[in-house]
Amino acid sequence: MTREVFRPAATTVPLATAPAAAVVSIFAPARDGAAAPRRIALVGTFGPRKCGIATFTGDVARQLAQYHPEIDIDVYALDDPAAPLEYEAVAQVIGQDRPDDYALAARKINESGVDAVWVQHEYGIFGGTDGRMVCDFVDRLAAPLVLTLHTVLSEPSHGQEQILRHLLARASRVMVMSGQGRELLLSRYGADSSLIEVIPHGAPDRPFGRGEEFKPALGLHGQNVLMTFGLLGPGKGIERVIEALPAIVARHPDTVYRIVGATHPNIRAREGERYRESLQHLARQLGVEQHVLWDNRYLASEELLDQLEACDIYITPYPGLQQATSGTLSYAVALGKAVISTPYVHARELLADEVGLLVSPGSSDAIANAVTGLLDKPGELASMQRRAYAKGRTTIWPAFADATARLIARAVTPPAQDVRLSVQPGLSGVFAMSDSTGMLQHGIGIVPDRRHGYCLDDNVRALMLMNVAQGMSRPERLQWSAAYAGFVQHAWNPDIGRFRNFMNFDRTWCEEFGSDDSNGRALWALGHTAETAPEPDMRRWAMQWFDTVHGHLMHVEYPRSAAFAVLGAAAVLRAKPDHEGAAALVERCGALLHALLERGRRPDWAWFEALLGYDNPRLSQALIEAGSLLGRADWMAAGLETLEWIAGLQTAAAGHFRPVGSQTFGHRHEALPFDQQPLEAHAAVDAARAAHAATGDARWVAHAQSAHRWFFGANDRGVVLADVATGRCRDGVTPRGVNENCGAESILAFQLSHYSMLALVTAADSGTDILGVAFEPNPRSASPFAAGNPA
């Protein structure tokens with residue numbers, strides 16, 4: 001079959017100015033030597049197939065060809081082999097239940113080098129149970145995937161949900177045609193908010209108020225014309241309009257109801273014309289047969305629009321309220337028709353602000369009252385028509401084509417590397433930085449730098465990783481847990497009652513005691529181990545050491561030291577709720593943080609200090625966990641407030657995560673973007689997990705995903721820091737790109753972020769907060785705290 005590129009012919013007349021009878025040519029082969037700057041594969045049902053999605057796919061091709069001829073389009077048409085059709089100007093026909101056809105199409109698409117693949121998705125148009133063949137198809141595609149979701153179910157079957165989640169995990173951009181569809185993707189499916197775009201269904205651009213010009217051609221001069229059009233079938237609610245006709249014609253006898261459209265092919269194949277005949281029988285029974293006019297055809301677009309122009313009131317009486325999109329409704333509004341509709345999703349949005357009238361589903365009385373109310377008041381009817389026409393200006397084809405061209409352009413932009421939480425990071429990078437003493441601090445590239453020795457901070461993080469890492473044998477986990485725990489144990493200086501921090505490579509200590517922050521972090525690791533270590537012996541060891549040292553650290557004063565101490569004590573309380581020492585530590589340090597916030601905040605600075613440092617979200621996380629455990633609603637509220645503030649500060653206008661840079665240190669009331677370090681992304685993930693556990697708010701899942709994606713290129717320089725195969729991580733993002741070194745702090749921040757993210761998405765999916773359950777989320781999240789997003 002010869003491939004043709006969709007491009008408007010030189011003689012094409014713009015739809016906005018074309019006379020009603022004009023035949024507009026929209027398909028023309030590409031000119032010799034004309035190289036298009038962008039090319040896409042468009043996959044969906046396609047004319048002459050008779051269904052709403054085929055009409056939509058054709059509209060997409062026509063309108064992009066007309067208004068954006070720089071985009072070449074290869075159409076891959078889904079066909080029903082049980083009723084095969086002849087197609088023109090398509091790259092390939094895909095038998096919807098033929099796996100080999102999908103494989104061939106994917107190969108052709110990949111070999112053609114398209115910039116993006118745009119798939120129209122509806123469960124019923126793909127083969128397999130619930131249309132599952134689409135999953136294997138998209139898995140084969142190399143180019144970025146753009147999805148139009150024509151149906152977003154609020155109560156999907158297990159199979160339907162699996163399919164949609166699979167598609168969302170692969171998509172570079174997702175188009176829905178209603179705000180409700182977008183919200184459902186976020187709340188029900190955990191979709192990435194940054195990828196979802198609401199583009200209303202496109203509609204024709206015709207002059208307003210020409211009804212009386214078009215009525216005579218249909219024999220309707222002088223009559224009030226009600227109309228419903230579209231493929232006919234049960235579930236359309238048309239019987240309710242017929243039941244309303246006796247009351248309508250009693251007040252306005254010159255009223256007719258036109259039902260335009262063929263019976264849906266699938267329904268006709270199963271039932272014949274039984275539904276249409278039942279409606280005709282109902283009209284005869286009610287004595288309104290002469291007021292119901294039928295046009296039992298599937299009409300071409302121009303004829304359909306001519307017929308729609310001849311109506312006064314358009315009615316969509318659908319009983320099902322979950323319908324996200326109705327092309328017929330979009331057409332009617334764009335042509336300036338008064339609309340009466342049941343309040344399904346698309347109607348609620350499109351007819352808001354008195355653009356149309358919403359009536360109760362299943363109520364013929366409500367339809368009769370709405371129709372007669374408009375016909376009784378011609379001035380009100382005319383005003384509603386003008387409001388509809390004005391609303392339709394936002395959806396006409398030029399606006400639709402511009403929006404979809406931008407959708408494609410954003411998809412073609414190279415995305416961040418895929419993040420699949422079902423693939424656990426390797427541990428070879430961790431162990432390459434470790435020996436029998438513990439974990440070395442720094443690396444030159446991927447090679448350990450022994451000159452800088454070891455530190456307590458990294459070894460307590462490494463111990464925490466051993467508590468949660470997957471894919472380890474019991475002996476291996478015990479070996480490395482013991483090594484890192486041994487470093488922590490040896491770092492304790494009983495003479496001073498403090499941990500040491502820095503050790504030389506020859507195992508000599510550099511100091512008698514370390515910073516308060518390193519001591520607080522050690523206490524956190526002990527609590528974490530007491531709560532989460534798989535081995536009972538390790539949990540007992542950690543609890544013994546927590547009991548030994550926590551009293552010495554009761555009076556830390558620095559904000560991060562207090563926050564780390566709270567996190568450790570909170571972990572102990574979750575493991576042992578009656579631990580009085582842990583409760584006292586949470587109470588004391590929680591009060592300290594809350595007091596610091598009250599002293600440090602100002603109208604534009606909801607923070608604990610005038611200076612931002614490292615690990616900033618830990619302060620908020622500590623207040624959230626302390627408030628949750630001790631029932632302090634004020635602490636909880638303060639923690640959530642400050643976390644939301646820091647999340648907004650660490651979110652770029654484009655939506656990706658932007659950590660507070662190390663150059664910020666020392667600048668009062670200011671955040672500078674570089675150098676960005678993995679520690680901050682890890683803290684953002686952990687804090688978002690705590691916020692989600694406390695509130696169940698899905699925004700925190702999205703923000704955590706945004707921070708997690710920072711490791712994989714969703715950052716200011718588009719650089720990938722993490723290597724899943726080895727588990728290594730680069731040391732950060734600089735103004736010049738990536739810091740190539742792989743130090744312990746960075747490696748452990750990435751590793752711990754992975755397992756925290758895994759626990760968070762598992763909790764969001766199951767309603768519980770547990771570790772160790774495989775889960776594959778949508779990898780392309782951006783924070784909901786970006787400029788323009790609700791905070």
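The values are calculated or read from the model by the stated rules, or taken from the named source; none is laboratory data. A quick note: this is a predicted structure, and the numbers were derived from the prediction, not measured. Please note: Cβ atoms are built from the backbone with ideal geometry, for glycine as well, and neighbour counts cover all protein chains shown. Protein only, heavy atoms only, side chains kept; ligands, DNA and RNA dropped before computing areas. Shrake-Rupley method; radii C 1.70, N 1.55, O 1.52, S 1.80 Å.
A few comments on the model shown:
- Per the conditions (1) in a helix (DSSP H, G or I); (2) at pLDDT 90 or above; (3) surrounded by fewer than 19 Cβ atoms within 10 Å (Cβ to Cβ), the sole criterion not satisfied by GLU111 is (2).
- Residue match in the range 283-296 (condition: in contact with an Asp or Glu (Cβ under 6 Å, 6 or more places away or on another chain), hydrophobic (A, V, I, L, M, F, W, C), at pLDDT 90 or above and over 17 Å from CYS311 (Cβ atoms)): yes
- Residue match in the range 271-293 (condition: in contact with a Leu (Cβ under 9 Å, 6 or more places away or on another chain), aliphatic (A, V, I, L, M) and closer than 23 Å to LEU335 by Cβ): yes
- Any hit, the range 293-300, residues being closer than 20 Å to ALA368 by Cβ and basic (Lys, Arg): no
- Residue pairs whose Cβ atoms lie under 7 Å apart, sitting 6 or more positions apart in sequence or on different chains, and linking a residue in the range 468-487 that is closer than 15 Å to THR532 by Cβ to a partner that is open to solvent by 60 Å² or more (accessible area, probe 1.4 Å), are VAL468/LEU771; GLN470/GLN424; ARG477/PRO534.
- Complete set of residues in the range 143-164 that are at pLDDT below 95 and charged (D, E, K, R): GLU155
- A count restricted to the range 639-673 and to residues that are crowded, with 17+ Cβ neighbours inside 10 Å and either charged (D, E, K, R) or more than 28 Å from the chain's Cα centre (by Cα) (or both) stands at 4.
- Residues being in contact with a helix residue (DSSP H, G or I) (Cβ under 8 Å, 6 or more places away or on another chain) and either within 19 Å of ALA105 (Cα to Cα) or of a type in the set (A, V, I, L, M) (or both) - total across the range 149-183: 13
- Those residues of the range 728-766 which are in a loop (DSSP other than H, G, I, E, B) and open to solvent by 10 Å² or more (accessible area, probe 1.4 Å), in sequence order: ARG730, ASP731, PRO735, ARG736, GLU740, ASN741
- Evaluation of SER172 against the conditions (1) assigned to a loop (DSSP other than H, G, I, E, B); (2) in contact (Cβ under 8 Å) with a residue 40 or more places away in the chain; (3) surrounded by fewer than 24 Cβ atoms within 10 Å (Cβ to Cβ) shows that the sole unmet condition is (1).
- Cβ-Cβ contacts under 9 Å between residues 6 or more apart (or on different chains), taken from a first residue in the range 182-205 that is over 14 Å from TRP700 (Cα atoms) and open to solvent by less than 30 Å² (accessible area, probe 1.4 Å) to a second residue that is in a strand (DSSP E or B) and of a type in the set (S, T, N, Q), are listed as LEU195/SER172; ILE199/THR148.
- Those helices (runs of 4 or more DSSP H) of the range 231-289 in which 3 or more residues are open to solvent by 20 Å² or more (accessible area, probe 1.4 Å) and in contact with a helix residue (DSSP H, G or I) (Cβ under 8 Å, 6 or more places away or on another chain) occupy 238-251, 274-286.
- Flag set for GLN424, criterion: closer than 26 Å to ALA525 by Cα, not aliphatic (A, V, I, L, M) and not in a helix (DSSP H, G or I).
- The lone exception for HIS346 - which of (1) open to solvent by less than 30 Å² (accessible area, probe 1.4 Å); (2) over 29 Å from the mean Cα position of the chain (by Cα) it fails: (2)
- Within the range 175-188, the set of residues being among the aliphatic types (A, V, I, L, M), under 20 Å from GLY327 (Cβ atoms) and assigned to a helix (DSSP H, G or I) comprises just one member, LEU184.
- Unique match (being crowded, with 24+ Cβ neighbours inside 10 Å and assigned to a loop (DSSP other than H, G, I, E, B)) among ALA714, ALA704, ALA725, ALA690: ALA714
- Any hit, the range 215-229, residues being open to solvent by less than 40 Å² (accessible area, probe 1.4 Å), in contact with a Phe, Trp or Tyr (Cβ under 6 Å, 6 or more places away or on another chain), in contact (Cβ under 8 Å) with a residue 24 or more places away in the chain and within 30 Å of ALA269 (Cα to Cα): yes
- Boolean, PRO69 is in a loop (DSSP other than H, G, I, E, B), touching a residue at least 24 places away in the same chain (Cβ under 8 Å) and not β-branched (Val, Ile, Thr): yes
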